[in-house]
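Right, one structure below, let's go through it.
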Amino acid sequence: MFLKPYRLKSSAALKGSESKKLRARLELAFPHVPGDNLLPAKANVTQLKILTHGGQPSMVYCVDKQPMFFELDGGQLVPTLYTLWATPDILPYFTTHEGVLPKLSNGADLMLPGVVPLGVGHQMYGHFKKDQLIAVNLTNNSSAVGVGQLARSSDDLYMCGGHGVAVKMLHMFGDKLWAHEPSMLQQIPLVKMKPLTGDDFPALGSPDHQRKVIKAPQPEQASSPEPISQAAESAELESSTAALTLDETSETSAVPEAPSPDEATPEALLKKAFLAALKHNGKKLPLPLLTSNFFRLYVVPEAAEPIDLKKTRYKKLSNFLAEMVDQGFIVVREETKGVDKIISVDLEHPELVNFITDVKTGDSSGATTEKLLFHSELKEMYIVSDVTAAFFTKLNYKRGEGIPVGQVKKIVREYVSKHNLIDPQTKLVRPDAVLQELCGDREGTLSELTSIITSKMEHSYQMCSGKDTSGKPQIQMSLATRSGNKKVTLVSNIEAYGIIMTELIKLCKQGAAASTSIVKLPHQKHEQLQVQGNQIRFIYTLLTETYKVPPKCILGLELAKDGKKKRK
């Protein structure tokens with residue numbers, strides 16, 4: 001649901017009464033969890049209206065900028081991973097193997113062969129209904145890695161014979177909702193699973209086996225003298241009536257979003273982009289400013305759709321700006337014939353003051369532009385455990401620190417080479433005192449030692465963005481000459497930094513006002529960016545300031561042309 005970027009339509013802070021209504025809905029949806037754990041009384045709650053990549057509208061509720069719940073089409077509230085990590089018992093769990101996590105992060109649903117049975121017989125998938133919310137964790141970590149809805153009831157899952165979809169995933173670790181606020185990102189907490197004992201596998205037909213029924217935590221039913229079936233029916237009746245009352249109140253209180261018939265016209269879109277440009281950049285405009293630069297640098301980026309002036313009734317930019325001058329938004333002065341400049345802006349204009357725009361970068365959801373710039377990558381990690389801490393601390397690794405899978409063997413090789421532990425005759429590693437505590441006295445190959453060390457470490461996953469520059473090739477900028485002695489800027493190795501090329505091309509076209517394209521080089525995996533003209537300095541500034549690429553990772557700045565040409 002949130003695997004691809006979503007579009008933010010609006011953001012608004014909830015009032016005290018609205019927060020109480022939301023808290024009441026949460027208490028009805030999750031009655032076994034105290035209300036303070038679901039939504040603190042004095043928390044800053046923000047309601048985000050979003051549109052997913054598939055065109056599905058949804059509501060996201062953030063507490064102190066962190067997404068905690070989102071809403072489905074039918075009004076069902078779903079906890080995010082941050083809520084599941086803070087309140088683990090809010091949902092029942094299905095457990096899967098750790099090798100399934102990369103497939104789930106790529107958008108796959110949880111299939112029945114990947115589910116670890118909860119019991120035996122008809123109880124192997126619990127007692128759940130279809131479309132019930134289920135959290136998913138791993139065999140080596142009880143913390144949730146995703147949340148979804150059951151594709152079938154527990155009985156139907158049992159009758160499927162181990163084939164088909166078990167859980168339709170809605171929200172996963174590493175998706176765009178998890179990365180909504182980059183400054184508050186969290187990795188999966190490492191909580192070891194409780195080891196299984198003989199009590200978890202009672203004999204078939206025994207009283208313990210008949211009583212071993214895995215259900216969602218419902219403490220109020222356990223203390224009730226009613227039978228389970230009657231309690232379940234009463235709970236369903238109460239929840240249905242409460243949902244009806246909430247729907248009625250929401251229908252009466254909510255204002256329907258009925259767009260006016262002329263809202264989607266080209267003229268309306270143009271004026272909305274114009275007002276948004278003044279609202280967001282009015283105090284930052286370098287006045288006097290050329291009208292063409294104002295339209296290209298400030299109005300066009302604010303437009304929700306591409307603007308074509310020829311499809312409007314204005315036909316030209318000067319006609320549109322003349323109408324804005326008549327309405328009192330701006331003052332335009334003609335410097336020379338055909339050259340107009342904006343010399344002042346009225347930021348106190350009533351229409352501009354009352355104009356409401358989408359949340360921009362720097363607000364509670366300011367990560368929407370940043371999170372679209374980089375690809376996210378799920379990395380397989382090994383965590384330094386207490387047993388291996390004595391070895392890794394000698395190599396400046398702390399206890400609990402994550403090490404990528406490919407780096408462990410390099411670390412062991414570096415340690416062995418530094419201490420001359422390789423026998424020149426047998427080519428085997430002779431363990432020293434530190435390695436003997438981990439691997440014993442027996443000599444072995446480097447791969448054997450590495451496998452023994454990794455077997456004593458915790459296996460985990462970590463979501464990393466393209467900002468990690470370790471072990472990556474440098475970005476190479478160069479100039480080439482095309483027909484007519486025209487200069488072209490070529491940039492290589494950009495994709496190695498996780499940068500999304502389509503977004504980079506869009507920024508180059510807007511900022512440099514130059515033709516930009518992608519060139520595929522023969523016998524090479526990576527693509528090359530081609531920008532018309534000498535744009536070395538612009539590309540360097542874009543990569544270092546917008547994408548935060550370290551300057552030491554960029555080559556070719558010396559080819560940038562000097563500022564102004566010297567007059568003879």
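The values are calculated or read from the model by the stated rules, or taken from the named source; none is laboratory data. Every value quoted in this text rests on a predicted model; they were computed, and no experiment measured them. Please note: Cβ atoms are built from the backbone with ideal geometry, for glycine as well, and neighbour counts cover all protein chains shown. Side chains are part of the model used for accessible areas, which takes the heavy atoms of the whole protein and leaves out ligands, DNA and RNA. Shrake-Rupley method; radii C 1.70, N 1.55, O 1.52, S 1.80 Å.
Placing dummy labels 7 Å off each Cα toward the beta-carbon, the span from residue 300 to residue 142 is 5.7 nm.
Taking 0.36 nm per residue of separation and subtracting the Cα-Cα distance, what length does fully extending residue 124 through residue 10 add? Please list the in-between numbers first.
Working: separation 114, 0.36 × 114 = 41.04 nm, distance 4.38 nm.
So the chain would gain 36.7 nm between residue 124 and residue 10.
When each of the peptides 109-117, 404-412, 143-151 is scored by how many other beta carbons lie within 10 Å of its residues on average, the order from highest to lowest is 143-151, 109-117, 404-412.
Classification of the range 1-130 by its C-alpha gyration tensor yields an oblate form. The axis ratio a/c (a ≥ b ≥ c) is 1.5 or more, and b/c is at least a/b.
Add +1 for every Lys or Arg and -1 for every Asp or Glu among the other residues with Cβ under 13 Å from the Cβ of residue 109, and state the total. Every neighbour counted, the sum reads +3.
Rolling a 1.4 Å probe over the protein heavy atoms of the range 133-174, with every protein chain left in place, gives an accessible area that is 50 percent carbon and sulfur. Measuring only protein heavy atoms, the 1.4 Å probe finds residue 478 accessible over about 40 Å². As a calculated quantity, the FRET efficiency between residue 436 and residue 472 at R0 = 22 Å, using C-beta atoms, amounts to about 0.05. Relative to the current alpha-carbon distance between residue 20 and residue 319, full extension at 0.36 nm per residue lengthens the span by 102.6 nm. Using label points projected 7 Å from each Cα along Cα→Cβ, tell me how many nm separate residue 183 and residue 283, to one decimal. Result: 1.7 nm between the two label points.
In nm, what is the difference between 0.36 nm times the number of residues separating residue 163 and residue 331 and their Cα-Cα distance?
On the way: separation 168, 0.36 × 168 = 60.48 nm, distance 6.90 nm.
53.6 nm is the gain from fully extending residue 163 to residue 331.
Electrostatic bookkeeping for residue 149 treats Lys and Arg as +1 and Asp and Glu as -1; over the other residues with beta carbon under 11 Å from its beta carbon, the sum is +2. Summing charges over all other residues whose Cβ lies under 11 Å from the Cβ of residue 405, with Lys and Arg as +1 and Asp and Glu as -1, gives +2.
To put it simply, the accessible area of the range 1-83 at a 1.4 Å probe is 51 percent carbon and sulfur.
A simple rule links phi to the HN-Hα coupling: the Karplus curve 6.51 cos²θ - 1.76 cosθ + 1.60 with θ = phi - 60°, which for the range 40-56 gives x, 5, 10, 7, 8, 9, 10, 9, 10, 9, 10, 10, 5, 4, x, x, 9 Hz, with x for Gly and Pro. Computed with a 1.4 Å probe over protein heavy atoms only, the accessible area of residue 155 comes to about 90 Å².
From the cross-link list 4/315; 49/284; 129/176, which pairs have alpha carbons spaced over 31 Å apart? Before the final figure, lay out the partial values.
Values: 4/315 36 Å; 49/284 28 Å; 129/176 28 Å.
Distance filter (> 31 Å) returns 4/315.
Under 5 Å from the amide H of residue 144 lies no amide H of any residue 5 or more positions distant or on a separate chain, with H modelled from the backbone and absent for Pro and chain starts. Normalised per residue, the accessible area of the range 7-109 is 46 Å², obtained with a 1.4 Å probe and no contribution from ligands, DNA or RNA.
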